[in-house]
Amino acid sequence: MDFKKYGMRTVMETLITFRLQMFWYGNRNPNAAVYGVPCPVTSKKELMDMWELEPGSGRINPEFWKKIPMNYPVEGASAFIVVPADEAKAYTDKPIYLDGISYKCNNHLLSSQMYYPVPALAKYDAADFAAPQLAVDEAYRMAKVKPKDVDFSEVFESHVSSIIPTLQATQVPEEGKAAQFIIEGGIAIDGRLPTGTDGGRGIFGMTSGSNESDGIYEAVIQMRGEAGVRQVPKADVSVIVGMQGEMASSAAIVLRRN
């Protein structure tokens, strides 16, 4: 679906750009699986030059998958403590406030989602992943924020088909422009929406059930100004977008620094 919708080369360049950016972040995060691990490629061009077996063939080179940084499945856990907002300063002098939270789940069978959609799903196709988009929309309403207010994000991007829709769900890239947003550097530390600053769900370490709270942990580190060399320049509002199942289950959380 992504290949048909955006073009194969664009999707592959999106994947390559994202994975190399996540490796850059993860290599600067002492908690990440790739911390201190040399990047397996020297440049984006190296991967762009080899992803096709023959130029213009559209056939992916098997050696490409061996070269690009892949997911790192690891053992992992994360935790956070939530207290009433008016009590927060009794526990820390740097409280982070949870302003919006939403969870959306629709039928895990794509055939049911797309052929017999409820009205809220009717405008989405199989490449859109309706659940994260609906969850983020509700979390924004609860938090009373707009996409323009969001400074950075943590999204679920364990595979190529989840990179584009979960970033698109933040509503920061223009509609239908998430792939180009990534390619043009929008997720970099100096981009419009630094994303996956801990290394992302794959390069930080694929910790399965703790993915959402891993994102919250990183958001808190950034919002407290404790991220060191990967510290983003502005961290007042963040959105964390999680996902599970066959693109059908998603949680979204909006955090605020002050």
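Positive end of the charge dipole of the chain (Lys, Arg +1 and Asp, Glu -1 on Cβ, about the Cα centre): tell me which of Ile240, Met70, Val172 has its Cα farthest that way.
The Cα lying farthest towards the positive end belongs to Val172.
Enumerate the amide H contacts of Asn27 below 5 Å, restricted to partners 5 or more residues apart or on another chain; note that Pro and chain-start residues carry no placed amide H.
Under 5 Å from the amide H of Asn27: no residue qualifies.
Roughly what would the spin-label model give for Val229 and Ala77, points 7 Å off Cα along C-beta, in nm?
3.0 nm
Mind putting a number on the dipole of the chain about its Cα centre? Charges go on the C-beta only, +1 for Lys and Arg and -1 for Asp and Glu, and I need it in Debye to the nearest 20.
Details: 26 positive and 31 negative charges, 57 e Å.
Around 280 debye, computed over the chain.
Long-range amide H contacts for Met206: which residues qualify at under 5 Å (H placed 1.01 Å from N, peptide plane, sequence gap of 5 or more or a different chain)?
Under 5 Å from the amide H of Met206 lie the amide H atoms of Tyr72, Val74, each far enough along the sequence or on another chain.
Restricting to the chain, what percent of DSSP beta bridges are antiparallel, rounded to 5?
Of the beta bridges lying entirely in the chain, close to 70 percent run antiparallel.
Quick check for me: using +1 on Lys/Arg Cβ and -1 on Asp/Glu Cβ, what's the dipole size of region 2-67 about its Cα centre, in debye to the nearest 20?
Details: 10 positive and 7 negative charges, 38 e Å.
About 180 debye.
Return the sequence-ordered ³J(HN,Hα) values of region 190-195 in whole Hz as given by the Karplus equation 6.51 cos²θ - 1.76 cosθ + 1.60 applied to θ = phi - 60°, using x for Gly and Pro.
9, x, 5, 9, x, 9
Run the paramagnetic zone check for Lys94: 7 angstrom along Cα to Cβ, then residues of region 6-37 with backbone nitrogen under 17 Å.
Zone members listed by number: 29-31.
Need one number: the % of Cα-Cα pairs in region 2-67 sitting beyond the 15 Å mark. It would help to have the intermediate numbers written out before the result.
Details: 1200 of 2145 pairs.
Here the long-distance tail beyond 15 Å is 56 percent of all Cα pairs in region 2-67.
Collect residues whose amide H, placed 1.01 Å from N in the peptide plane, falls under 5 Å from the amide H of Glu52; neighbours closer than 5 in sequence don't count.
Long-range HN contacts for Glu52: Asn61.
Any chance you could list P(r) for the chain, counting all Cα-Cα pairs in 5 angstrom bins from zero, rounded to whole %?
1, 6, 13, 17, 19, 17, 12, 7, 4, 1, 0, 0, 0
Any read-out appearing in this document is the output of simple, stated calculations on the displayed coordinates, not a laboratory observation. The model shown is predicted, which means the values in this text are computed figures rather than measured ones. FYI the Cβ positions are ideal-geometry reconstructions off the backbone, even for glycines, and counts take in every protein chain you see.
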